[in-house]
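The values are calculated or read from the model by the stated rules, or taken from the named source; none is laboratory data. Every value quoted in this text rests on a predicted model; they were computed, and no experiment measured them. Note that we place each Cβ from the backbone using ideal geometry, even for glycine, and neighbour counts take in every protein chain shown. Heavy atoms of the whole protein, side chains included, go into the accessibility calculation; ligands, DNA and RNA do not. Shrake-Rupley method; radii C 1.70, N 1.55, O 1.52, S 1.80 Å.
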Amino acid sequence: MSRPVKKVPLHINSSQGRLLIKGGKCVNDDREFSADIYIEGGVIKELGQNLIIPGGTRVVDAKGKLVIPGGIDTHTHLQKPVEVTPVADDFYHGTKAAISGGTTMIMDLVMEKAGVSPLEAYDKCRELADAMVCCDYGLHMTISGWSEQVAQEMDLLVKEKGINSFEVFHAYKGVLMLDDSDVLKVFSKAKELGSLAMAHCENGEIIEQKADELFDLGITGPEGHALSRPEEVEGEATYRAIVLANQARCPLYVVHVMSKTAANVICEARRKGHVVFGEPTAASLGTDGTSYFHSCWKEAAAHVTSPPLRPDPSTPGCLMNLLANGDLQTTSSDNCTFTTTQKALGKDDFRKIPNGVNGVEDRMSVIWEKGVQSGKMDACRFVAVTSSTAAKIFNIYPKKGHIGVGSDADLVVWDPEATRTISAKTHNHACDFNIFEGMEVHGVPVVVVSGGRVVKDEEGLHLTQGSGQFVPTPPNAPYVYGRVAARDQALAPQKVDREPYTGPVVELAVKVDNVKVTEAAPALSPDIVHRAPTRSGGRNMQESSFALSGEQIDDSKPRNQSRVTNPPGGKSHGLW
């Protein structure tokens, strides 16, 4: 597929890269304030009223509108080499869609199968992204196998390559899934490096078994995907990941929270003091999983993603409530798109349908519609869950996610009253289906500024392929690790000082090769049917000692000659 490059005319961004956003209400995660914003060289130089600015500065009129930090999408898949077919939205189409929706930075997941060097996978991803992105980007690293080499490369990725987050999978058995012992090692190493552990939470063992059972029952359509991944399977893996992270004393970030069960597990852990963050997606906040049971195969297959959307229609509202009130912290799109013809690889077997849905373009508007327009959150909380909190967690705040002097000029002029109808006919994705089809949303980005350049305005998109920059994410984010040191000290195991024990110690019987030595069994009589001796070499008590000759198996042993006059149970005669 061709990737057209649209050069930006110099007059659009001014010859000196100077820009003034005037008359808008600025919104940060902590406050709203009226101010003009002067931008030069890609950063915010001045904030205030009646600014004195150089000639030749382009002015953007934001009167009556909000000015917010550009969105940060914390989880995308714009390359996914573990799939049998490439994703439809690559780094060009994905970042183009992101900018159109008001997102000015994406964080993509570097993925490779077990056995591939993480450094090799990182270099390959950087080469692809640097040539294609239209906005800034960061990276997470998948760890799909464990070895001493992987541990060493994690060191290099953190210290030299700008990676501070490592994701493990509890699902995709045989491809990406790690067992619990390796997950614990990854989490422990992440903690040592001051980085953040991330987890895809589903029980891969259960999924594999249930998927095969359903297919054997003749269930081959997309409904099998949802049925093989019930909600409790996500909840169990979420609980397990939190336990493993807590034992490693490592902060945990749970990606794509799709169910009430998983969300409640995260909330309960946070109430207990665990350092854990939850990330619902645009899909889990904006729609549900009833489409898996749609009579149209295309409609049902288009919604296949993992973990699946939940058929319970109350799930999106519940997740939005938790997000609005701070129980969940960030939002992503988990954008991983495929065309209908690609999804059709699983037309006869739901296990072969490529997993993924769209969302990077519509995330901001869907959250505004379902969160702010519905009265569940205010504009400041909207900024927090779409941008600022992500910047804090991944240690790029206030460079990103903030309107302030010195911050990057990644800004959106947001019209809260404008509406649009989401449709595959008008979206900027490379796929041919949109899971939010027909949804009318309030909240529209009318002007988008990325790196100090106007990349969207009333005339449309003004994109330059490869213009985005890689943003390193340093370790030891204060927002994540600020209380970890004190927590470690408070929870450190304490030795009990006591007087040594000086009393006697029992002597253990000597054993030979852990087998108890027993008396040799008597010679076997040919007249008696014998069972094999027990595993320890003794007589099998289930065998009979009866022989027609009257011979007994223990005839060779001496008999007790004393007469018993009062057998057990009492005399057999006498008065009672």
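Some observations on this one:
- Scanning the stretch 416-465 for residues that are aliphatic (A, V, I, L, M) and in a strand (DSSP E or B) yields A418, V441, V444, V446, V447, V448, V449, V454, V455, L461.
So that you can scan it fast, the table gives a plain yes or no per residue for (1) under 24 Å from D108 (Cβ atoms); (2) touching a Ser or Thr at 6+ places or on another chain (Cβ under 8 Å); (3) at pLDDT below 95; (4) of a type in the set (D, E):
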| residue | (1), (2), (3), (4) |
| --- | --- |
| K343 | yes, no, no, no |
| I367 | yes, yes, no, no |
| D378 | no, no, no, yes |
| I393 | yes, yes, no, no |
| M439 | no, yes, no, no |
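- Within the stretch 41-99, strands (runs of 3 or more DSSP E) holding 2 or more residues that are under 28 Å from G443 (Cβ atoms) and among the hydroxyl-bearing types (S, T, Y): 71-76
- All positions within the stretch 133-171 that are open to solvent by 60 Å² or more (accessible area, probe 1.4 Å), farther than 30 Å from G401 by Cβ and either of a type outside the set (S, T, N, Q) or assigned to a loop (DSSP other than H, G, I, E, B) (or both): W146, E148
- For G317, the conditions (1) open to solvent by less than 20 Å² (accessible area, probe 1.4 Å); (2) closer than 28 Å to V480 by Cα all hold with the exception of (1).
- Residue check, G24 under 24 Å from the mean Cα position of the chain (by Cα), crowded, with 22+ Cβ neighbours inside 10 Å and either in contact (Cβ under 8 Å) with a residue 40 or more places away in the chain or closer than 22 Å to D362 by Cα (or both): no
Yes/no per residue for (1) within 26 Å of H256 (Cα to Cα); (2) in contact with a strand residue (DSSP E or B) (Cβ under 6 Å, 6 or more places away or on another chain); (3) in contact (Cβ under 8 Å) with a residue 24 or more places away in the chain; (4) surrounded by fewer than 23 Cβ atoms within 10 Å (Cβ to Cβ):
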position: V385; (1), (2), (3), (4): yes, no, yes, no
position: T389; (1), (2), (3), (4): yes, no, yes, no
position: V405; (1), (2), (3), (4): no, yes, yes, yes
position: D410; (1), (2), (3), (4): yes, yes, yes, no
position: A418; (1), (2), (3), (4): no, yes, yes, yes
position: N434; (1), (2), (3), (4): yes, no, yes, yes
position: G443; (1), (2), (3), (4): yes, yes, yes, no
position: G451; (1), (2), (3), (4): no, no, yes, yes
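- Among residues of the stretch 278-303 that are acidic (D, E), those with a Cβ under 8 angstrom from a residue that is surrounded by fewer than 16 Cβ atoms within 10 Å (Cβ to Cβ), sequence gap 6+ or separate chain, pair up as D288/D312; D288/P313.
- Any hit, the stretch 113-132, residues being without any contact (Cβ under 8 Å) to a residue 40 or more places away in the chain, assigned to a loop (DSSP other than H, G, I, E, B), buried (at least 22 other Cβ atoms within 10 Å of the Cβ) and not acidic (D, E): no
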